[in-house]
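What follows is a structure written as C-alpha cells; I'll ask about it next.
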Amino acid sequence: MGQTLRVTVNGEARSDEVEPRLLLVHYLRETCGLTGTHVGCDTSQCGACTVLLDGAAVKSCNMLALQADGAEITTIEGLAPEGGLHPLQTAFWENHGLQCGYCTPGFIMAAAALLAENHDPSDEEIGRGLEGNLCRCTGYVNIRKAVKAAALAMREGAAAPIGG
Amino acid sequence: MIPAAFQYSKAGSVKEAVAQLREAGPEAKVIAGGQSLIPLLRLRLSQPSHLVDVNGVRELDYVHPEGDLLRVGAMTRHSTLVRSELVQRHLPLLAEMAAQVGDPQIRARGTLGGVFAHADAAGDYPTLAVMLDATIVTDRRRVAARDFFQHLFTTALADDELVCEVVFPMAPGPHRYIKFRRRLYDWAIVGAAVQKLDSGWRVGLTHVGPTAVRAAAVESRLQAGASFTEAAGAAADGLEPPSDARASADYRRHLAQVLTRRALEQAA
C-alpha cells in the first residue's frame with residue numbers, strides 16, 4: 001500500500017507513491033535511477049550510501065524513504081552541475097583517493113558535509129568527520145590528502161575575484 | 001535486507017503520537033531517529049505492525065535550563081547536543097557522550113529520547129541518567145532513571161507511552177566519559193563515566209550488565225578518602241557482565257576497573 005512521498009532530489013521536485021518499508025537508498029537507486037549511491041554493508045556501518053539530507057550527511061540505508069518527505073536530498077550525481085566535477089571529485093581523482101571506488105560516493109558526500117562546516121580541517125578533524133565511512137582498499141591516507149586538497153581548492157575558489 | 005511490511009503514520013504532536021499508538025495497538029512502535037530501529041527492522045528482529053514517526057514533533061526538540069536542572073527534549077538529536085552551548089555549560093559530560101555516539105551520520109539523525117526508549121545495554125546516556133539520578137518525563141508521568149531501565153531493551157514504558165523529556169541535574173564540574181571500543185563508531189564494549197558534584201563523585205558504567213550501573217562502591221570509597229586507584233578497584237564489585245563476541249565477562253570486569261581509574265585521573 002503506497003503513501004505519497006514529496007521530496008527534492010538534486011534540485012528536482014518529485015512526488016512518488018512508495019511503500020512505508022522502502023528504504024531511502026532503494027528509493028534513490030530504484031525509483032529515481034540514481035545508482036551513484038551505493039549499498040555497501042547493508043548494516044548501517046560502512047557509509048557507502050551517504051547522502052545529504054537538508055545539508056547533513058546521513059546513511060540512506062538507515063532511513064525510510066517516507067522520512068525524507070519534504071526534505072532536500074543531494075546525491076553524488078547532484079554535487080556538481082551536469083558535466084562538471086565538484087572540487088572533492090577532482091581531488092579524489094588527482095590524489096588517488098580510491099582504488100576500487102565503491103566507497104567513494106559515500107566518502108565524498110560525508111566530506112562535503114564536513115567541509116561545509118569546517119573550511120580547513122586538520123588531519124584529526126578529517127578522521128573524526130569521516131569515521132562513519134569505511135574503505136577496504138586505500139588505507140585512508142590518500143582520502144585524507146584528497147579532502148585537504150579539496151578544502152584548499154574550495155577556499156581558493158571562494159577567495160577568487162568574480163570573473164577572475 | 002528489506003524490512004517486513006508495516007503501516008506508517010506521522011505525528012505532529014505528542015498528543016497525536018499517543019493517539020496513533022493507541023489506535024494502532026500493542027504491536028505498534030515509535031520511530032524517532034531510527035538509527036537503532038531500522039537495522040533491527042532490516043534484520044527482521046523487530047516486526048512492528050505500525051510505525052508512528054515522531055520526527056515531526058518539533059515541540060520535543062529543545063534544551064532548557066531551569067534552576068539547577070537541565071531539561072532536554074526527547075527529539076533533540078545527538079549532533080545538537082554536541083553543539084549546544086547550554087549543554088556544554090551546564091552538563092558538559094552529556095555533550096562529551098553525545099560526541100562519542102556512533103558517527104557523524106548517525107549523530108545527525110539519532111535522538112536522546114530514542115536512546116532511552118530503545119534501552120540498549122551499551123547505550124551511553126542511560127549511564128549518565130542513572131548515575132546522576134535523572135528523571136524521564138513521559139506523556140503521562142515522571143519516572144526515576146533507576147526505575148525506568150528494567151532489563152535489556154526493556155523499560156517501564158507502556159505500549160502507548162512516549163518519552164518526552166529527560167531532566168538532568170546541572171553538573172558543570174570535572175567529568176570524563178571513556179568509551180572502550182574497537183572501532184570509533186562501535187557501541188561501547190565497556191564505558192566508564194565520572195562526574196564530580198559538590199557532594200562528591202558520581203560514577204557510572206556502560207555495558208557491564210543488562211542496564212546501566214551506578215558504581216556505588218567506587219563512590220563510597222572515594223568519599224572515604226581512597227585514592228583513585230584504590231577506589232576504581234571496586235568498580236567490578238557485584239557486576240555480572242555479559243560475555244559476547246567482543247569481550248568475555250572477565251575482560252569486562254577488568255575494563256570497568258581500568259576505565260574508571262583512567263576517567264577519574266583524566267577528570268580531576
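The values are calculated or read from the model by the stated rules, or taken from the named source; none is laboratory data. Keep in mind the model is a prediction, meaning the values are calculated, not measured. A quick note on method: Cβ atoms are made from the backbone with ideal geometry, for glycine too, and the neighbour counts reach across all protein chains shown.
Show me the helices (runs of 4 or more DSSP H) entirely contained within the stretch B:1-116 in which 1 or more residues are farther than 16 Å from A:Ser44 by Cβ.
In the stretch B:1-116, the matching helices (runs of 4 or more DSSP H) lie at B:14-24, B:78-83, B:85-90, B:92-98.
A further question on this structure: Search the stretch A:18-35 for residues being in contact (Cβ under 8 Å) with a residue 12 or more places away in the chain and in contact with a Ser or Thr (Cβ under 6 Å, 6 or more places away or on another chain), and hand back the single one that is farthest from the other protein chains (Cβ to nearest Cβ).
Checking each candidate, the answer is A:Leu34.
Let's see how each residue does on (1) within 23 Å of B:Thr138 (Cα to Cα); (2) in the same structural domain as B:Val130 (by TED's automatic domain parsing); (3) hydrophobic (A, V, I, L, M, F, W, C):
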{"site": "B:Leu40", "(1), (2), (3)": "no, no, yes"}
{"site": "B:Leu45", "(1), (2), (3)": "no, no, yes"}
{"site": "B:Gly73", "(1), (2), (3)": "yes, yes, no"}
{"site": "B:Arg83", "(1), (2), (3)": "no, yes, no"}
{"site": "B:Leu91", "(1), (2), (3)": "yes, yes, yes"}
{"site": "B:Leu94", "(1), (2), (3)": "yes, yes, yes"}
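Condition check ((1) touching a residue at least 12 places away in the same chain (Cβ under 8 Å); (2) away from chain A (no Cβ under 12 Å); (3) of a type outside the set (A, V, I, L, M, F, W, C); (4) exposed (fewer than 14 other Cβ atoms within 10 Å of the Cβ)) across all residues:
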position: B:Ala19; (1), (2), (3), (4): no, yes, no, no
position: B:Ala32; (1), (2), (3), (4): yes, no, no, no
position: B:Ser36; (1), (2), (3), (4): yes, no, yes, no
position: B:Pro48; (1), (2), (3), (4): yes, no, yes, no
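B:Ala156 versus (1) under 11 Å from the mean Cα position of the chain (by Cα); (2) farther than 30 Å from A:Phe107 by Cβ; (3) among the small types (Gly, Ala, Ser): which is the lone unmet condition?
(1)
For residues that are over 19 Å from the mean Cα position of the chain (by Cα) and not hydroxyl-bearing (Ser, Thr, Tyr), scanning just the stretch A:121-136, find the one that is farthest from B:Leu184 (Cα to Cα).
Out of the qualifying residues, it is A:Asp123.
So, in the stretch A:40-81, how many residues would count as being within 9 Å of chain B (Cβ to nearest Cβ), of a type in the set (Asp, Glu) and closer than 20 Å to A:Cys103 by Cα?
Number of matching residues: 1.
Output the residues belonging to the stretch B:148-181 that are surrounded by fewer than 21 Cβ atoms within 10 Å (Cβ to Cβ) and of a type in the set (Gly, Ala, Ser).
Those that are surrounded by fewer than 21 Cβ atoms within 10 Å (Cβ to Cβ) and of a type in the set (Gly, Ala, Ser): B:Ala156, B:Ala158, B:Gly173.
I'm told A:Gln67 meets every condition in (1) surrounded by fewer than 23 Cβ atoms within 10 Å (Cβ to Cβ); (2) among the polar types (S, T, N, Q); (3) closer than 20 Å to B:Arg44 by Cβ except one. Can you identify the failing condition by its number?
(1)
Another question, if that's okay. Does B:Glu219 satisfy the condition of being outside any loop (DSSP other than H, G, I, E, B), surrounded by fewer than 22 Cβ atoms within 10 Å (Cβ to Cβ) and either under 15 Å from the mean Cα position of the chain (by Cα) or without any contact (Cβ under 8 Å) to a residue 12 or more places away in the chain (or both)?
So B:Glu219 does not fit the description; no.
Give me the residue from the stretch A:51-106 that is in contact with a Pro (Cβ under 8 Å, 6 or more places away or on another chain) and not in a loop (DSSP other than H, G, I, E, B) and, out of that set, farthest from A:Glu131 (Cα to Cα).
By that ranking, first place goes to A:Leu66.
What's the number of the condition B:Val54 fails, among (1) within 14 Å of chain A (Cβ to nearest Cβ); (2) out of contact with any Leu (no Cβ under 8 Å at 6 or more places or on another chain)?
The failed condition is (2).
Moving on. When the stretch B:231-254 is examined, which residues are found to be buried (at least 21 other Cβ atoms within 10 Å of the Cβ), part of a helix (DSSP H, G or I) and among the small types (Gly, Ala, Ser)?
B:Ala231, B:Ala232
Out of all the residues in the stretch A:107-147, which are in a helix (DSSP H, G or I), of a type in the set (Gly, Ala, Ser) and either more than 13 Å from chain B (Cβ to nearest Cβ) or on the phi > 0 side of the Ramachandran plot (or both)?
Selection gives A:Ala146 alone.
Which of the residues spanning the stretch B:117-159 are touching a residue at least 40 places away in the same chain (Cβ under 8 Å), part of a helix (DSSP H, G or I) and not small (Gly, Ala, Ser)?
B:His118, B:Tyr125, B:Pro126, B:Thr127, B:Leu128, B:Val130, B:Met131, B:Arg146 - these are the residues of the stretch B:117-159 that are touching a residue at least 40 places away in the same chain (Cβ under 8 Å), part of a helix (DSSP H, G or I) and not small (Gly, Ala, Ser).
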